[in-house]
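Asks: Encoded as structure tokens, here's the structure I'll be asking about.
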Amino acid sequence: MSAHSKPTSDASSRSNEAARQQCVNPSCSATFGVDEARFSCPRCGDLIDILYDWDRLPTPRSLKDFEAKWSRQLDPLCFSGVWRFRELLPFAPPEQVVTIGEGRTLLQKADKVGRFVGSAQGNLLLQYEGMNPSGSFKDNGMTAAFTHARMVGARRVSCASTGNTSASLAVFCSATDLGFTGIIFIGSGKIAHGKLAQALDHGALTIQIEGDFDDAMKRVREVADRLGVYLMNSVNPFRLEGQKTIMYRVLEGLGWEVPDWIVVPGGNLGNSSAFGKAFMELAHLGLIDRVPRLAIINASGARTLSELYNRRELRWRAGLPDSSIGETYHAELDASGVRASTIASAIEINRPVNLKKCLRALDFCDGVVREVSDQEIMDAKAQVGAGGLGCEPASAASVAGARLLRREGVIAPSDRVVCILTGHQLKDPAATVAYHGSDPDVFEKVLGARGVRQAEFANHPIVVSNDVDEIIRTIERRSEAGAAS
Ligand code: F0G
């Protein structure tokens, strides 16, 4: 690993001649090779992009060309829903790719959820990333980052996490048997049990620090820097290369048609940044003829993007956003002791590391940002469960956000809308059981304390005495009530 070597613009020293790393700040634009492991620009500290000289690469003439891969499933690079698009993330030699069969996910037409959102029949689709091996979209990014870690010879890999990044990292370490050791940083009491269970079960060294995700993120960067550990958070630009493929699969699921809207929850803003980059590159390559609009949905208890974008008018401005706007806001949060707080623990983040790249995505995709309450998130989650594949609270923010935008008239009933379901329902059973359960104390402790007042769509379990006649009477009463409604 060459974490401390100098940046270079000398193409001859690069392992891959047509791919390079470049600082996103146009007044810096330092470039260096993809054979280096850096997680911020060594010259100015800004975020890093992966850029390609497309003219020197074999790119597809049409997205339909990718269909040839469908019949070659015994090849791991065609089986993977990430690497079957490898011509669009060509930074790694094929023999270095680390894959566990990620990205074989599903675009589901969900009319019942569509009625809740207010979309016309057939126009609401759910991109179900919970089908990934570790149960969240993170595996799309992790396969790319592990591939890069392998390219640079890293052994110890680390992340801070609200749970899913750490679960994915732990799965990749244990499933690949390539000698990777995983070290994860989590905030105490801040991670849903399904995710913590994964980190522990897969053998990652789990460091629980006093504090929240924002604290853990700061510490992991310091530790990674001091120990030369490879950082797997989404400041790692290779993570985002993998996450671009979620958009390729959405297009694939629509027969290569571009939807009107992509709606995604916003936490650390890696996904939204990656989606924007995917569409910028597809447009540049002439592989799409229009760009979907992007809606990024914050939880109102972790609303940094919404505050900065909608109220303080922070914008991309060709790569030179006014950084004092974010700094002032964070100083205000610190002075008033405000911390992120939402039932959607996956997006309980106030200092999103990819903010700047996300502004670029919003700029390119004519984006909007909204925030939704924990009540709206839990109601949307129950509707997804009843009419779709089920998801964790953070994922349901996308559906709650789509509903809000429909009500506002920003999204029309005739618009084709794809909501990204980022994580599996079983990641956070406590939130689901509190919503549907019959115990008022549990409801109050888990949800009431966060401002959730009711469970309009709850499917309460019914307590019946241990008596067969009583059980049958209850079932018949319920069936009649169900038929009548
Ligand atoms: N949904 C889920 C289920 C997540 O786990 C995350 C992020 C997000 C949405 C937000 O995505 O950061 O790309 O805006 N989870 C990270 C983690 C922070 O540590 O697992 P983003």
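The values are calculated or read from the model by the stated rules, or taken from the named source; none is laboratory data. Please read these numbers as outputs of a predicted model, since none were measured by experiment. Every residue, glycine as well, gets a Cβ built from its backbone with ideal geometry; the counts of neighbours run over all protein chains shown.
Asks: Among (1) more than 10 Å from the ligand (Cβ to nearest atom); (2) out of contact with any helix residue (DSSP H, G or I) (no Cβ under 7 Å at 6 or more places or on another chain), where does residue 291 come up short?
Replies: Every listed condition holds for residue 291 apart from (2).
Asks: Additional query: Report, by residue number, each residue of segment 159-207 that is hydroxyl-bearing (Ser, Thr, Tyr) and either within 12 Å of the ligand (Cβ to nearest atom) or over 30 Å from residue 301 (Cα atoms) (or both). Talk me through it step by step, then tell me what you get.
Replies: Initially, segment 159-207 is screened for residues hydroxyl-bearing (Ser, Thr, Tyr), giving 161-162, 165-166, 168, 174, 176, 181, 188, 206.
Correct list: 161, 162, 165, 166, 168, 174, 176, 181.
Asks: Taking residue 325 as meeting all but one of (1) part of a loop (DSSP other than H, G, I, E, B); (2) more than 14 Å from the ligand (Cβ to nearest atom), write down the number of the exception.
Replies: Only one criterion is unmet by residue 325, namely (1).
Asks: Which count do you get for residues in segment 340-399 that are at positive phi and within 17 Å of the chain's Cα centre (by Cα)?
Replies: Taking segment 340-399 and keeping what is at positive phi, we get 366, 390.
Next cut, within 17 Å of the chain's Cα centre (by Cα) only: 390.
Looking only at that region, the number is 1.
Asks: Quick test for you: out of 224, 197, 204, pick the one residue that is in contact (Cβ under 8 Å) with a residue 40 or more places away in the chain, among the hydrophobic types (A, V, I, L, M, F, W, C) and either more than 19 Å from residue 106 (Cβ to Cβ) or in contact with a Cys (Cβ under 7 Å, 6 or more places away or on another chain) (or both). Talk me through it step by step, then tell me what you get.
Replies: Working: 197 fails: in contact (Cβ under 8 Å) with a residue 40 or more places away in the chain; 204 fails: in contact (Cβ under 8 Å) with a residue 40 or more places away in the chain.
Just one listed residue meets the conditions, 224.
Asks: Do we have residue 241 as crowded, with 24+ Cβ neighbours inside 10 Å and either free of Cβ contacts under 8 Å to residues at least 60 places away in the same chain or closer than 25 Å to residue 418 by Cβ (or both) here? Outline the logic, then answer.
Replies: Details: crowded, with 24+ Cβ neighbours inside 10 Å: yes; either free of Cβ contacts under 8 Å to residues at least 60 places away in the same chain or closer than 25 Å to residue 418 by Cβ (or both): yes.
Judged against the criteria, residue 241 is a match.
Asks: I'm trying to understand the selection: among the residues of segment 316-327, which are touching a residue at least 24 places away in the same chain (Cβ under 8 Å) and surrounded by 15 or more Cβ atoms within 10 Å (Cβ to Cβ)?
Replies: The answer is 316, 319, 321, 326.
Asks: Sticking with this structure for a sec: Can you tell me which of 388, 401, 423 is within 30 Å of residue 253 (Cβ to Cβ) and at pLDDT below 95? If you could, list the steps in order and put the result at the bottom.
Replies: On the way: 401 fails: at pLDDT below 95; 423 fails: at pLDDT below 95.
It is 388.
Asks: Would you say residue 235 is within 15 Å of the ligand (Cβ to nearest atom), surrounded by 24 or more Cβ atoms within 10 Å (Cβ to Cβ) and among the β-branched types (Val, Ile, Thr)? Break it down stepwise before answering.
Replies: Numbers: within 15 Å of the ligand (Cβ to nearest atom): yes; surrounded by 24 or more Cβ atoms within 10 Å (Cβ to Cβ): no; among the β-branched types (Val, Ile, Thr): yes.
Spelling it out, it is not the case that residue 235 is within 15 Å of the ligand (Cβ to nearest atom), surrounded by 24 or more Cβ atoms within 10 Å (Cβ to Cβ) and among the β-branched types (Val, Ile, Thr).
Asks: Quick one: is residue 302 crowded, with 24+ Cβ neighbours inside 10 Å, part of a loop (DSSP other than H, G, I, E, B) and over 13 Å from the mean Cα position of the chain (by Cα)? Explain how you work it out, then say what you get.
Replies: Numbers: crowded, with 24+ Cβ neighbours inside 10 Å: yes; part of a loop (DSSP other than H, G, I, E, B): yes; over 13 Å from the mean Cα position of the chain (by Cα): yes.
Yes; evaluated as a whole, the condition is true for this residue.
Asks: For residue 170, only one of the following conditions fails: (1) under 19 Å from residue 39 (Cβ atoms); (2) in contact (Cβ under 8 Å) with a residue 24 or more places away in the chain. What is its number?
Replies: It is condition (1) that residue 170 fails.
Asks: With the structure loaded, tell me whether residue 307 is surrounded by fewer than 21 Cβ atoms within 10 Å (Cβ to Cβ), within 16 Å of the ligand (Cβ to nearest atom) and assigned to a helix (DSSP H, G or I) or whether it fails that test. It would help to see each step written out before you state the result.
Replies: Values: surrounded by fewer than 21 Cβ atoms within 10 Å (Cβ to Cβ): yes; within 16 Å of the ligand (Cβ to nearest atom): yes; assigned to a helix (DSSP H, G or I): yes.
Answer is yes for this residue.
Asks: Would it be correct to say that residue 363 is in contact (Cβ under 8 Å) with a residue 24 or more places away in the chain and of a type in the set (Asp, Glu)? Give the steps one after another, and end with the answer.
Replies: Working: in contact (Cβ under 8 Å) with a residue 24 or more places away in the chain: yes; of a type in the set (Asp, Glu): yes.
Judged against the criteria, residue 363 is a match.
Each row is one residue, and each column tells you yes or no for (1) assigned to a helix (DSSP H, G or I); (2) modelled with pLDDT under 95; (3) closer than 12 Å to residue 127 by Cα.
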{"site": "247", "(1), (2), (3)": "yes, no, yes"}
{"site": "252", "(1), (2), (3)": "yes, no, yes"}
{"site": "256", "(1), (2), (3)": "no, no, no"}
{"site": "264", "(1), (2), (3)": "no, no, yes"}
{"site": "268", "(1), (2), (3)": "no, no, no"}
{"site": "274", "(1), (2), (3)": "yes, no, no"}
{"site": "280", "(1), (2), (3)": "yes, no, no"}
{"site": "287", "(1), (2), (3)": "no, no, no"}
{"site": "290", "(1), (2), (3)": "no, no, no"}
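Asks: Any residue in segment 255-273 that's in contact (Cβ under 8 Å) with a residue 12 or more places away in the chain: show its pairings with residues that are surrounded by fewer than 24 Cβ atoms within 10 Å (Cβ to Cβ) and basic (Lys, Arg) at Cβ separation under 7 Å, as long as the two are six or more apart or on different chains.
Replies: These pairs meet every condition: 256/64; 258/290; 259/416; 260/293; 260/416; 261/293.
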